[in-house]
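**Q** The structure follows.
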Amino acid sequence: MMTNRSQSSGYLSRLFVAVLLFQFGCSSPAGNSTPATGNSDSLPSEIIAINAEIANSPSDPELIYRRSKLWADKKQFDKALEDIDKATQLDSTNPLYHFRGGEYLFALNFSQRSAAAFEQAVKYNPNYTDAWQKLGELYLLVKEYEKSEKCWKALLRIDKNNSHAAFFRGIMYKEMGDTTKAVQAFQFATELDPKYIEPQMQLGSIFSAKNNPLCVRYFQNVIDVNPKLAEAYMARGDFYRRAGKYGEAIKDFDQTLTLQPTNYLANYNAGVIFVMQKKWKAAAKQFTEVIDKNQGYTYAYFSRANCYQYLGEIGNAREDLKKCLELDPKFPEAEKMLKGLAK
């Protein structure tokens, strides 16, 4: 019945978007690319201006690169890519052109080619930190951990105080199942930047999963930096709930709901605490809140039915159990309780 879902930090949201792009990144976008010059009647003034410069110096890669940037700013990445390819043909050793090409390719879902472009960027500039970072994230997303590790090592060789490299290295170790190295990497990232909340959230999550009260310190550090981050209160409240510190947990769930009113899991976990305390009315109220926010959450119906049973509201209990089984016919606890109420 109880839920223990970790709330992701901003980093994870970015990764999920990138994962989707990478997984579907081997196919071409639909339709044909419009030439980078376009129809002069419909071109923005800045494009018209740089077109005139390019007409006078058609072999100047920097001008074509600048036009690619203008197209990219307008989210017209097909035209931006066409231009950056031209610039790269004119100056194939320029790492910046390869890097921008990697960005445009990624935006167009050509993720394998994107990785190859970033590889070219670091080939021509081994100290190109942005390219190493992009490349490391790409390899991490497809679980090519050896290649990803190469990128984080390169970044930390270039800049030993690169907290982002340390953080993503920690994510890599965590995905590999090496919690010890993950913790070391996250702690290192935190030492480099005490206000970097993502590694602190990861540390809190790891220690919470081990039922280690050290997680409270990390969640508090996050809250000190960002008092409006609902995920930190939610995660700390969940630890307190499992540790039996119900008062502290309820406070954190209340704060989560203040910051994030639609978070039905905060209501549900608060309801579970009230059940543990046999506060049936308070628990039923929380489960009703869950249902109002997510009518498909089966556990809320089952849990509220349990409360109604103890409150003597058998008719309401039956209705909730029927709804629970309607949503999930293979819910044995609900089926067993409903049969018991029928006697």
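The values are calculated or read from the model by the stated rules, or taken from the named source; none is laboratory data. Please read all numbers here as calculations on a predicted model, not as lab measurements. We place every Cβ from the backbone using ideal geometry, glycine too, and count neighbours over all the protein chains shown.
**Q** Tell me, please, whether a residue that is farther than 29 Å from residue 229 by Cα and not polar (S, T, N, Q) can be found in the range 260-276.
**A** Within the range 260-276, none of the residues are farther than 29 Å from residue 229 by Cα and not polar (S, T, N, Q).
**Q** Of the conditions (1) touching a Pro at 6+ places or on another chain (Cβ under 9 Å); (2) modelled with pLDDT under 95; (3) surrounded by fewer than 23 Cβ atoms within 10 Å (Cβ to Cβ), residue 193 clears all except one; give me its number.
**A** Result: residue 193 fails condition (2) only.
**Q** Kindly indicate whether residue 319 is surrounded by 15 or more Cβ atoms within 10 Å (Cβ to Cβ), not in a loop (DSSP other than H, G, I, E, B) and not assigned by TED's automatic domain parsing to the domain that holds residue 215.
**A** So residue 319 passes the test.
**Q** I want to confirm something. Restricting to the range 327-341 and keeping residues that are surrounded by 12 or more Cβ atoms within 10 Å (Cβ to Cβ) and of a type in the set (D, E, K, R), which single residue is nearest to residue 284 (Cα to Cα)?
**A** Here the residue is 333.
**Q** Only residues that are acidic (Asp, Glu) and farther than 15 Å from residue 120 by Cβ: list them for the range 61-104, please.
**A** Within the range 61-104, 62, 73, 78, 82, 83 meet the criteria.
**Q** Another one. Is at least one residue of the range 72-92 at positive phi and surrounded by fewer than 22 Cβ atoms within 10 Å (Cβ to Cβ)?
**A** yes
**Q** Just to be sure I understand, how many residues within the range 241-258 are surrounded by fewer than 17 Cβ atoms within 10 Å (Cβ to Cβ) and either polar (S, T, N, Q) or under 20 Å from the mean Cα position of the chain (by Cα) (or both)?
**A** 1
**Q** Might you check whether a residue that is among the acidic types (Asp, Glu) and touching an Asp or Glu at 6+ places or on another chain (Cβ under 9 Å) occurs anywhere in the range 208-224?
**A** Checked the range 208-224: no residue is among the acidic types (Asp, Glu) and touching an Asp or Glu at 6+ places or on another chain (Cβ under 9 Å).
**Q** Would you kindly identify the helices (runs of 4 or more DSSP H) lying entirely within the range 187-286 that contain at least 2 residues that are in contact (Cβ under 8 Å) with a residue 12 or more places away in the chain and within 24 Å of residue 177 (Cβ to Cβ)?
**A** Per the criteria, 197-209, 214-225, 230-243.
**Q** Follow-up. Every residue in the range 261-272 that is surrounded by 17 or more Cβ atoms within 10 Å (Cβ to Cβ) and either closer than 10 Å to residue 289 by Cβ or out of contact with any Lys or Arg (no Cβ under 6 Å at 6 or more places or on another chain) (or both), please.
**A** 263, 264, 265, 266, 267, 268, 270, 271, 272
**Q** Give the residue, chosen from 147, 143, 160, that is part of a loop (DSSP other than H, G, I, E, B), in contact with a helix residue (DSSP H, G or I) (Cβ under 8 Å, 6 or more places away or on another chain) and either of a type outside the set (Asp, Glu) or without any contact (Cβ under 8 Å) to a residue 60 or more places away in the chain (or both).
**A** 143 is the lone residue from the list that is part of a loop (DSSP other than H, G, I, E, B), in contact with a helix residue (DSSP H, G or I) (Cβ under 8 Å, 6 or more places away or on another chain) and either of a type outside the set (Asp, Glu) or without any contact (Cβ under 8 Å) to a residue 60 or more places away in the chain (or both).
**Q** Evaluate the following for residue 238: is it surrounded by 19 or more Cβ atoms within 10 Å (Cβ to Cβ), under 26 Å from the mean Cα position of the chain (by Cα) and assigned by TED's automatic domain parsing to the domain that holds residue 208?
**A** yes
**Q** Does at least one position in the range 177-185 carry a residue that is of a type outside the set (Gly, Ala, Ser) and closer than 27 Å to residue 100 by Cβ?
**A** Within the range 177-185, none of the residues are of a type outside the set (Gly, Ala, Ser) and closer than 27 Å to residue 100 by Cβ.
**Q** Restricting attention to the range 108-120, which residues are crowded, with 19+ Cβ neighbours inside 10 Å and either in contact with a strand residue (DSSP E or B) (Cβ under 7 Å, 6 or more places away or on another chain) or not polar (S, T, N, Q) (or both)?
**A** Result: 108, 110, 115, 117, 118.
**Q** Also, quick follow-up: For residue 162, state whether it is over 20 Å from the mean Cα position of the chain (by Cα) and at positive phi.
**A** It is false that residue 162 is over 20 Å from the mean Cα position of the chain (by Cα) and at positive phi.
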